[in-house]
1. Assuming R0 = 56 Å, what is the FRET efficiency of Thr262 and Thr17, from their Cβ-Cβ distance, to the nearest 0.05?
2. Hey, can you grab everything whose amide H is under 5 Å from the amide H of Ser160? Only 5+ residues off in sequence or another chain; H modelled, so Pro and N-termini drop out.
3. Just subtract the alpha-carbon distance of Glu96 and Asp214 from 0.36 nm times their residue separation and send over the number in nm, one decimal.
4. Report the calculated FRET efficiency for Arg290 and Val113 (r = Cβ-Cβ distance, R0 = 25 Å), to the nearest 0.05.
5. Apply 1/(1 + (r/R0)^6) to the Cβ-Cβ distance of Glu242 and His43, taking R0 = 45 Å, and write down the FRET efficiency to the nearest 0.05.
6. Pull out the extension gain between Arg131 and Leu52, defined as 0.36 nm times the separation in residues minus the alpha carbon to alpha carbon distance; nm, one decimal.
7. Skip the ligands, DNA and RNA, and give the accessible area per residue of the range 43-196 with a 1.4 Å probe, whole Å².
8. So between His89 and Glu177, what do we pick up on full extension, going 0.36 nm a residue minus the alpha carbon distance?
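The values are calculated or read from the model by the stated rules, or taken from the named source; none is laboratory data. Owing to the predicted nature of the structure, the values given are computational and were not obtained by experimental measurement. We place every Cβ from the backbone using ideal geometry, glycine too, and count neighbours over all the protein chains shown. For accessibility, only protein heavy atoms count, side chains too; no ligands or nucleic acids. Shrake-Rupley method; radii C 1.70, N 1.55, O 1.52, S 1.80 Å.
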Amino acid sequence: MSRVLQGSPLVSEEARTAVLRAIEELGYRPNAAARTLARRQSHSIGVLVSDLHNPFFPMVLDGIDAVAEEHGYTSLIVRGKRRSQTEEHALGRLLELQVDGIVAVTERLSRPVIVEAARSTPLVTLTQTPRIPRVDSVVSDNRQGARLVIDHLVALGHASIAMIADAREHAGAERIEGYQAAMTGHRLGRQIRVLDAPPTERGGYDATRELLSDAGSVTAIFAGNDLSAFGALDALAEHGLEVPRDMSVAGYDDTPVAALRTVSLTTVDQFATEIGAEAMRSVLARVKRRDRPARHLLVPPRLIQRATTAPPPGAITIPAARSASSSPGRERRARRLR
């Protein structure tokens, strides 16, 4: 039977027809586990995802799955639910399944856990962890993305800009650092204000309500991701404030909802699908050559200027080169990551 399934030329046409008929009648399916043991290769890549509620992660998965399919691999997706213990358990399950490689789209795994997993299985991370030998990484330049937002808001005439972010996550911490550096660079250090909140709609909503209770002269909100920005927009609408007339709002991730004409959120595009694709290419390359030097890609983001940011009342805007189209449509461009 194995020769028939493998298309061996050593099998006669008569025998092939008889075997295929029997397979159809019996509903036979090949045993993937047995095949993995025999060939020592499963043709599957495990993908550990932190949170599927955030539309950024499905965008990454689109890139991962496209490259996997192109190379004849299957993606096995498990969720970490943004909890360290759950993510470590999920990683262990992928190792038990003997996948050929692992893409970790998560921020909760500790360095020792990553090191231990990489000893037995090729692994690539999508977070800015300290570089580990033979562990590849594909990450967005979060600090630069935050600077793009602040430069844009300052050019519009804003000086009092608050930020909502989760400092416990790598991406959130790096975006806070970029925000603080940009504000300081514009001599607005005294205006720095960071509200610590989960990267969710509820987190953005609660943080904005707190901000509005004693906002003072704040004229713009920079949310650490689009979900938080959506929550901020909801809170502002609840308080009868109009965006961007009364308050400008910018997000981060350029998720599909951000591009809807009714939302039209100014945000940062970090090329999520391309990052996922490059991560899969990296792990497949390591499957072929385990001892190759680690590959680290830092992907530059771009600002997408839409309708939720504008000059504050009475402000004098500073002319600046726009980083991307202000069209509410989702304008992506092909990029070759280096």
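1. Values: r = 59 Å, r/R0 = 1.05.
About 0.45, to the nearest 0.05.
2. Thr219
3. Values: separation 118, 0.36 × 118 = 42.48 nm, distance 5.20 nm.
Going from the current span to full extension adds 37.3 nm.
4. Working: r = 19 Å, r/R0 = 0.77.
So the FRET efficiency works out to roughly 0.85.
5. After rounding, the FRET efficiency stands at 0.25.
6. Working: separation 79, 0.36 × 79 = 28.44 nm, distance 2.60 nm.
Extending this stretch completely gives an extra 25.8 nm.
7. Details: 6750 Å² over 154 residues.
In whole numbers, the range 43-196 has 44 Å² accessible per residue.
8. Details: separation 88, 0.36 × 88 = 31.68 nm, distance 3.09 nm.
Extra length from His89 to Glu177 when fully extended: 28.6 nm.
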